[in-house]
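The values are calculated or read from the model by the stated rules, or taken from the named source; none is laboratory data. These figures come from a predicted structure and were not determined experimentally. Using ideal geometry, Cβ is built from the backbone for each residue, glycine included, and neighbour counts are taken over all protein chains shown.
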Amino acid sequence: MSLLGVVVELALVVIVMLTTATLVLVGPRQLAAAARGFRWRFRACLLPVAALVAVLALRWSTVDVVMRLERRVLGTNITPLLFELEQALFPENPVGVLQSFQSPELTSFFVFVYIYGYAFLLLFPFVAYFALDDTEELRTLILAFTANYAIGLVCYIFFIAYGPRNYDLFLFEGLLYDAFPESRMLTNQVNQSTNVFPSLHTSLSMTVFFLAVLTRRKYPVWVPISGVLAISVVVSTMYLGIHWFSDVVAGTILALVSVYVGRNYTVEGIFGSARQYLDTGFDRFGRAGGD
């Protein structure tokens, strides 16, 4: 199967999942009402969306630069440290323990969750929060995602880390590519083998779940659904040999930080604080130069 075939299949499956969840959890009337107010919703979220697009564009357009920077200037390979830390904390490595339970059925489930379930988990909140009467939750979601990607990019520059499947093939198996070889074409387009610490699959999935808990009065059924999916995604990253337990812990912490940023800050406020900080710095520099 070609890359186009993989993308089309992913899109079709996720669209079916999104359509079903939207009809059941949001409802056609609420969605139709929100669609009629599309313009003012879009205007209200324009700046957060622009910030998210900018961070994603920066991440994908500077892959070569980031790789050179992390490997030749700033990067420190922490993979052995992660392995030794988990060896010291646990009688057996958590990834190895999970993979000891492997079966064709379990592997198929975690592959589906890692690829299709993850995409659905990240996209459905945009639909659900767009359908609300105000845009506060949608803006919070967008800013939290922006924080995830921005902080994650910084971590990937400073820390080189390879997942279990790339660390020791005798101890850990790369079950994702064994069960679904075509997924390599997709993952190679959006990720690097050193983008491991922290796990963005974990951080983004747990961000969705934490926000679902905070908005439980608006979508109560979404809380258990997102919780099961998020935890399944987290476990899948280790079961498939992609992330260490340490990556998952770091990803969960990143999710908490990102949710805090999304709930307590705005893009306008962040830009204003940054501008004020820079203005203060320039003023001090000018006074020092005058002296």
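Here residue 217 meets each of (1) part of a helix (DSSP H, G or I); (2) at pLDDT below 95 with one exception, condition (1). Scanning segment 1-23 for residues that are part of a helix (DSSP H, G or I), surrounded by fewer than 15 Cβ atoms within 10 Å (Cβ to Cβ) and either hydroxyl-bearing (Ser, Thr, Tyr) or in contact (Cβ under 8 Å) with a residue 12 or more places away in the chain (or both) returns 3, 5, 7, 19, 20.
Candidates in segment 126-182 are the residues that are among the small types (Gly, Ala, Ser) and within 19 Å of residue 248 (Cα to Cα); of these, the one that is surrounded by the fewest Cβ atoms within 10 Å (Cβ to Cβ) is 174.
Selection over segment 182-204 of residues that are aliphatic (A, V, I, L, M) and either in contact with a His (Cβ under 8 Å, 6 or more places away or on another chain) or at pLDDT 80 or above (or both) gives a count of 3. Restricting 179, 161 to residues that are over 16 Å from the mean Cα position of the chain (by Cα) and modelled with pLDDT of 80 or more narrows the list to 161. Taking the criterion of being buried (at least 17 other Cβ atoms within 10 Å of the Cβ) and closer than 28 Å to residue 228 by Cβ, would at least one residue in segment 84-93 satisfy it? Yes, segment 84-93 contains a residue that is buried (at least 17 other Cβ atoms within 10 Å of the Cβ) and closer than 28 Å to residue 228 by Cβ. With the condition kept exactly as written, say whether any residue in segment 269-291 is touching a Leu at 6+ places or on another chain (Cβ under 8 Å) and either assigned to a helix (DSSP H, G or I) or modelled with pLDDT of 95 or more (or both). Looking for residues that are touching a Leu at 6+ places or on another chain (Cβ under 8 Å) and either assigned to a helix (DSSP H, G or I) or modelled with pLDDT of 95 or more (or both), one finds none in segment 269-291, hence no. For segment 230-240, the set of residues classified as surrounded by fewer than 22 Cβ atoms within 10 Å (Cβ to Cβ) and touching a residue at least 40 places away in the same chain (Cβ under 8 Å) consists of 232, 235, listed by residue number.
A residue that is under 17 Å from residue 161 (Cα atoms), in contact (Cβ under 8 Å) with a residue 60 or more places away in the chain, touching a Lys or Arg at 6+ places or on another chain (Cβ under 8 Å) and crowded, with 22+ Cβ neighbours inside 10 Å occurs somewhere in segment 241-253.
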